1. Given (1) open to solvent by 40 Å² or more (accessible area, probe 1.4 Å); (2) near the ligand (Cβ under 10 Å from one of its atoms); (3) assigned to a helix (DSSP H, G or I), where does ARG58 come up short, assuming only one miss?
2. List pairs: first residue in region 58-81 and within 21 Å of GLY171 (Cβ to Cβ), second residue open to solvent by 30 Å² or more (accessible area, probe 1.4 Å) and more than 8 Å from the ligand (Cβ to nearest atom) anywhere in the structure, Cβ distance under 7 angstrom, at least six positions apart or on different chains.
3. Only one residue in VAL331, VAL352, VAL364 is open to solvent by less than 30 Å² (accessible area, probe 1.4 Å) and either modelled with pLDDT under 95 or in contact with a Pro (Cβ under 9 Å, 6 or more places away or on another chain) (or both), so which one is that?
4. Restricting to region 233-258, and then to whatever is within 16 Å of the ligand (Cβ to nearest atom), under 18 Å from the mean Cα position of the chain (by Cα) and assigned to a helix (DSSP H, G or I), can you tell me which residue is nearest to ILE170 (Cα to Cα)?
5. Has region 276-296 got any residue that is open to solvent by less than 10 Å² (accessible area, probe 1.4 Å), without any contact (Cβ under 8 Å) to a residue 60 or more places away in the chain and acidic (Asp, Glu)?
6. Please tell me if GLY126 is more than 17 Å from the chain's Cα centre (by Cα) and open to solvent by less than 20 Å² (accessible area, probe 1.4 Å).
7. Given ILE89, ILE103, ILE121, which one is of a type in the set (Val, Ile, Thr), within 11 Å of the ligand (Cβ to nearest atom), over 26 Å from GLY343 (Cβ atoms) and surrounded by 22 or more Cβ atoms within 10 Å (Cβ to Cβ)?
8. When GLY343 is evaluated against the numbered criteria (1) in contact with a Lys or Arg (Cβ under 9 Å, 6 or more places away or on another chain); (2) over 21 Å from ARG47 (Cα atoms), which criterion, by number, is the only one it fails?
Amino acid sequence: MARSDSVTTPDSSATPTSQTPTDPPYADTPATGDPSQSALVQAARGRATPHTPVWFMRQAGRSLPEYRSLRQGTNMLETCATPDLVTEITLQPVRRHQVDAAILFSDIVVPLKAVGLDIDIVAGTGPVVAEPIATRADLDRLPELTPEHVPYITDAIRSLVAELGPTPLIGFSGAPFTLASYLIEGGPSKTHQRTKALMHGDPELWRDLCARLAQIARTFLQVQIDAGASAVQLFDSWVGALPRADYLRFVEPHSRAVLQGVGDRVPRIHFGVGTGELLGDMAAAGTEVIGVDFRVSLTDAVQRTGGRHAVQGNLDPALLFAPWPVIEERVTQLVEEGRGAPGHILNLGHGVLPDTDPTVLTRVVELVHSLG
Ligand code: CP3
């Protein structure tokens, strides 16, 4: 278990509160040096912060030239299993943009690969599964995840936590529905037709598949928290494809099992795309922060979640291609709108697009911090 590992090196996985890094902190974080006191964690807990914290989904990746040159000739999933590379790539956007959090460089399919599935990430396509799941016998190819399956995640996070000092590290996992969709479709899908056919056609198999994926997601998040992550995000990227009744019947119990199984040791963020109709249910599944995509205003999101949750979002990633005065106005409005929420973490409504100009991202961070 990750915990017993850390017994042999009692200080290495601890939060480096007493560390005096030779470099200045990466971001504008409190002098205490404790990531649990950072603006991101405080906002997630609904407490007042000196400025609105900001980070970007997919901040580590193809928008950065330093990422593209480091990744040249290397396989994505091998990179994710190499702690030195994970550490460097995770730190790149923190150094460059001074964002308020790092997000672990990994992928939602990493734990599925770790338990033995034949899965790869194809550039320009996304995850591709060699033998998609269709029958009960296929479930046997998906064993439970143990911490021993992902030692490189523990190693990468320990090294990152030491490097980051007061800047929090966000861990993450894919949620059962989004993982199931990749496994059943064999790759990315716009319609999720095989997934929906299995969900409705064989509800017992669907339930058992999602229960297994919930075990994998929960353990993957727990490994990251045990190693020192200061917050976690559950990505249910594609669940907006479902009507609410199907979400409640077929998906919510499994996402709830992940979130409640992880508990509130660190704040949880629950995010999906096109989930305007599901926001209240996703928030109630057990999370401190509800992720909001760019289709729903923060004000509506607060209202739909009963004013009981911090919100994260929700600048349209495509807006970063507009002239700066447009971006400046929208970001300023967003910070103001966020003051009406119990807590606000500024982010995009989905990931950074690969050909985004990274200097625009840096300017957004500077602007958000300047607004106090
Ligand atoms: O900075 C970060 O946000 C951390 C890194 C991160 C990656 N994947 C790296 C990555 C995170 C949080 C993810 C999660 C992920 N992966 C999700 C949920 C988030 C979301 O976007 O909704 C999903 C759905 C996946 C599956 C996946 N992996 C897709 C759709 C793709 C893109 C395929 C493509 O080429 O357009 C990937 C590959 C991937 N994951 C890349 C990165 C940086 C690109 C691969 C490369 O650089 O070679």
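The values are calculated or read from the model by the stated rules, or taken from the named source; none is laboratory data. Keep in mind that this is a model prediction, so the values were computed, not measured. Ideal geometry is used to build each Cβ from the backbone, glycine not excepted, and the neighbour counts take in all protein chains shown. Remember, those area values only see protein heavy atoms, side chains included, never the ligands or the DNA or RNA. Shrake-Rupley method; radii C 1.70, N 1.55, O 1.52, S 1.80 Å.
1. (3)
2. Once the first residue is within 21 Å of GLY171 (Cβ to Cβ) and sits in region 58-81, its partners that are open to solvent by 30 Å² or more (accessible area, probe 1.4 Å) and more than 8 Å from the ligand (Cβ to nearest atom) give LEU64/ARG96; LEU77/LYS113; LEU77/ASP120; THR79/LEU85; ALA81/TYR152.
3. So the residue among VAL331, VAL352, VAL364 that is open to solvent by less than 30 Å² (accessible area, probe 1.4 Å) and either modelled with pLDDT under 95 or in contact with a Pro (Cβ under 9 Å, 6 or more places away or on another chain) (or both) is VAL352.
4. It comes out as VAL258.
5. yes
6. no
7. Step by step, each of ILE89, ILE103, ILE121 is checked, and only ILE89 is of a type in the set (Val, Ile, Thr), within 11 Å of the ligand (Cβ to nearest atom), over 26 Å from GLY343 (Cβ atoms) and surrounded by 22 or more Cβ atoms within 10 Å (Cβ to Cβ).
8. That leaves (2) as the condition not met.
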